[in-house]
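The values are calculated or read from the model by the stated rules, or taken from the named source; none is laboratory data. Computed from a predicted model, the values in this text were never measured in an experiment. Cβ: placed from backbone, ideal geometry, glycine included. Neighbour counts: every protein chain shown. The area values use the complete protein model at the heavy-atom level, side chains included, leaving out ligands, DNA and RNA. Shrake-Rupley method; radii C 1.70, N 1.55, O 1.52, S 1.80 Å.
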Amino acid sequence: MKRASYILFGIAAAAGTVILVSFSFGLFSGPELLLEDLLVFSKPVSEELVILAIDDESLQRLGQWPWPRALFGRALRALDQYPPAAVGIDVIFAETSRLGAADERALTAALENLSYPVVLPAEAVPLILESSEGPQAGRWVVPRAELTDSGTIWLGHVNLILDYDGVVRRFPTAIAFPSLRGRPVRSFAQEILDRAGRMITPALPL
């Protein structure tokens, strides 16, 4: 009886070791990701959302990238006639304008006089995921300081986590260290929702 128990224990230990080693070397990552994909289904898109894309058509109409910052300023002022709940601009503006100081001031002036909140991106370079305290930034790449001085300007991080197959399936909801403006940096999408006064309702109870 004891011998049978030892044999069963040995089989269980060997099986556990094989599974542990397999997970360590990522042998099950393919099927795991496939199962995750099968759990994703199409969801209705809110009619409140409007996306202005920087695509080939807009580049042909408005000229080569980067566009003048005055162009962004004019668009923001035009929106102020019918203020949206919030606007997110997924362009970091980390460097000075190639068109000079006047172009820089045109966007700065527009941002200082808006009646609605604007979320600008910040990027963690690199994004550190192995920390026991949660996701961290090696350093932050942020918009120029004069663009974020207004009380209507907020920052949200744009870091995504790329799986080995090149697909993005997850992202940090917030990056706490180092903080910006004395607070953790939430994701770009979450910050836009918060500034717009909207909430994400879980599909299932948490």
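What to note about this one:
- Checking every one of the trypsin sites (Lys or Arg not before Pro) in the stretch 51-154 against DSSP loop status and a limit of 11 other Cβ atoms within 10 Å picks out 98, 139.
- Looking at the stretch 52-142, the GluC sites (Glu not before Pro) that sit in a DSSP loop and have at most 14 other Cβ atoms within 10 Å of their own Cβ are 95, 130, 133.
- Alpha-carbon centroids, the stretch 88-118 and the stretch 126-205: separation in whole Å: 20 Å
- Cleavage-rule hits (chymotrypsin sites (Phe, Trp or Tyr not before Pro)) in the stretch 87-178: DSSP loop, at most 16 neighbouring Cβ within 10 angstrom: 164
- Distance between the pseudo-spin-label points of residue 64 and residue 52 (7 Å out from Cα toward the beta carbon): 2.3 nm.
- Probing with 1.4 Å while keeping every protein chain in the model, the per residue accessible area of the stretch 105-175 equals 50 Å².
- Given +1 at the Cβ of Lys and Arg, -1 at the Cβ of Asp and Glu and no other charges, the dipole of the stretch 54-191 around its Cα centre is 280 debye to the nearest 20.
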